[in-house]
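The values are calculated or read from the model by the stated rules, or taken from the named source; none is laboratory data. In this text the structure is predicted, and so the values were computed from the model without any measurement. With ideal geometry, Cβ positions are generated from the backbone for all residues, glycine too; neighbour counts draw on all protein chains shown.
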Amino acid sequence: MVRQTPLYEAHGRYGGKFVEFGGWLLPVQYAGILEEHRAVRQKAGLFDVSHMGEVRLTGPAALALVQRLVTNDASRLQAGQVQYSPMCYPEGGVVDDVLIYKQADEDYLLVVNAANTGKDWDWIRENAAGLEVTLQDLSAETAQLALQGPAAPTILSGLTTAPLGELPYYHFISRTEVAGKNVLLSRTGYTGEDGFEIYCATQDAVFLWDSLMSAGEVYGLQPAGLGCRDTLRFEACMPLYGHELSAGISPIEAGLGRYVKTDKGNFHGRKILADQKQNGTRRTLVGFEMLGRGIARAEYPILYGEKRIGTVTTGSYAPSLDKNLGLGLVDSEFAPLGQHFDISIRGKSVPAQVIPKPFYKRKGN
C-alpha cells in the first residue's frame, strides 16, 4: 500500500506531480526540476520530508545501544548536537545511514530513511534486547519540512524567535516555536546549502507549510520536489541509500571512512571496517565527468577497454555546473584523479574522467 504524507493535498494545491518513492506518494516536481534546483541554490526551496522515519531511544543504556548500532562515535555528542553515521551489519555492509540527535544524556533520536524505516526498527529492537532502554517509533506522528537555500535563515527568522544566528551547522533546538507551533528545529540539510529541518506534529504540517510559503514568497521561495532533491544532493556528493550505500557496499568503499571510528569500542562491522581502513578496499566510489555526449545512469557498466571495472551508482546533468557528471563504484586501481574509462550507454562506450568530489561546494563552506 502506497502511503501519503500529511502534506499530500497541499502538494496538489501547489501543482505537485507525484511519484512513488520508498512506499510513499511524493511530489517529484512542481514548476520543474531545473527551476526548483536553481531556486534552492540561489534563493530557497521547501521540501516535504515527512516520509523519513524517527526512532527515539531513552534510558540508561540508550548511548550503549547507539554505539553498538552505528560506526561513528556518539559519545562525542553534546546535547543539541546532530551526528551523521552509517549503521552497519556485522559483515560491514550498510543497514542504513542515519542522523543521531542527542536530546539529553539518556535520550537520542535517530532519523532514518523512509524505505528502511521498518527494517531499521526491527534491527534496532533486535539489538536492544537485554538492554535497559525504551524504544519509540515516532514516524507516524511526526512530519518534517526542510527549508533549504541561502535565503532560508531570513525566511525562517520572520516566523520564529529561535536564535538562528547562534545555531551552528549540525545542531538543533529540541523545543521551540515556528509560526506558533511547537517544533524541533535543526540545521543540517541534504542539498549542499544552508537550511533547516522543522519536525512537527502531523496535524501542524499543512499550517507550517503554508506559513513558510507565504513568508518566503517575497524572497523567491519555491516548493521543491524529489527530483531536485536528488540533483542537489548529487552535486554535493551526499550518498543515497540503495545507490552509494547498501547492504553490499561498505562505508569505507563509499568514501565515508571519516564516519567510521574503529577506536571507540565494539560495534557491528568493526573488525571488517578496521581492516578496510588499514589495508584498503577492492572497490572505491569515484566522481567522474562525461567527456562525450550522454548521461550516465545508475547501474550502467563502467568499462576499461572491454573489461568491466565498475558500475554507475548515480548519474545526472548537474545544473549548477552545466556538466554531465556521475558517481560510480570502480576497481580501486582505476580510482585516481584523472583516470579515464568509458561508460556503457545503451551499448555505446562514452569516455569519462575521474574528478574530485564533491562536485559542488557552497561559498563560505
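Among the residues of segment 133-164, those that are under 30 Å from residue 61 (Cα atoms) and not β-branched (Val, Ile, Thr) comprise 135, 136, 137, 138, 139, 140, 141, 143, 144.
Here the condition is being of a type in the set (Val, Ile, Thr), in contact with an Asp or Glu (Cβ under 9 Å, 6 or more places away or on another chain) and over 21 Å from residue 242 (Cβ atoms); of 312, 350, it holds for 350 alone.
Against the numbered list (1) assigned to a strand (DSSP E or B); (2) touching a residue at least 60 places away in the same chain (Cβ under 8 Å), residue 349 comes up short only at (2). The residues listed here are 227, 189; of these, the one that is over 23 Å from residue 80 (Cβ atoms), buried (at least 19 other Cβ atoms within 10 Å of the Cβ), among the small types (Gly, Ala, Ser) and in contact (Cβ under 8 Å) with a residue 40 or more places away in the chain is 227.
Remark: pairs (first residue in segment 120-139, free of Cβ contacts under 8 Å to residues at least 24 places away in the same chain; second residue surrounded by 14 or more Cβ atoms within 10 Å (Cβ to Cβ); Cβ separation under 7 Å; 6+ apart in sequence or on different chains) = 125/135. Scanning segment 95-103 turns up no residue that is farther than 25 Å from residue 170 by Cα and either in contact with a Gly (Cβ under 9 Å, 6 or more places away or on another chain) or modelled with pLDDT of 95 or more (or both).
Within segment 140-186, the set of residues being of a type in the set (Phe, Trp, Tyr) and without any contact (Cβ under 8 Å) to a residue 60 or more places away in the chain comprises 169 only. Scanning segment 16-29 for residues that are free of Cβ contacts under 8 Å to residues at least 60 places away in the same chain and within 23 Å of residue 217 (Cβ to Cβ) returns no hits.
Total residues in segment 314-323 satisfying the condition of being touching a Lys or Arg at 6+ places or on another chain (Cβ under 8 Å) and either closer than 19 Å to residue 239 by Cβ or buried (at least 21 other Cβ atoms within 10 Å of the Cβ) (or both): the figure is 2.
Every condition in (1) within 24 Å of residue 288 (Cα to Cα); (2) part of a helix (DSSP H, G or I) is met by residue 217 except one, and the failing one is (1).
Checking 55, 28 one by one, the residue that is assigned by TED's automatic domain parsing to the domain that holds residue 144 and in contact with a strand residue (DSSP E or B) (Cβ under 7 Å, 6 or more places away or on another chain) is 28 and no other.
Annotation note: of 362, 283, the sole residue that is within 30 Å of residue 189 (Cα to Cα), modelled with pLDDT under 95 and within 23 Å of the chain's Cα centre (by Cα) is 362.
You will find that of 269, 338, the residue that is buried (at least 19 other Cβ atoms within 10 Å of the Cβ), of a type in the set (Gly, Ala, Ser) and over 27 Å from residue 42 (Cα atoms) is 269 and no other. Scanning segment 48-83 for residues that are in contact with a helix residue (DSSP H, G or I) (Cβ under 6 Å, 6 or more places away or on another chain) and either among the aromatic types (Phe, Trp, Tyr) or without any contact (Cβ under 8 Å) to a residue 60 or more places away in the chain (or both) yields 66, 74.
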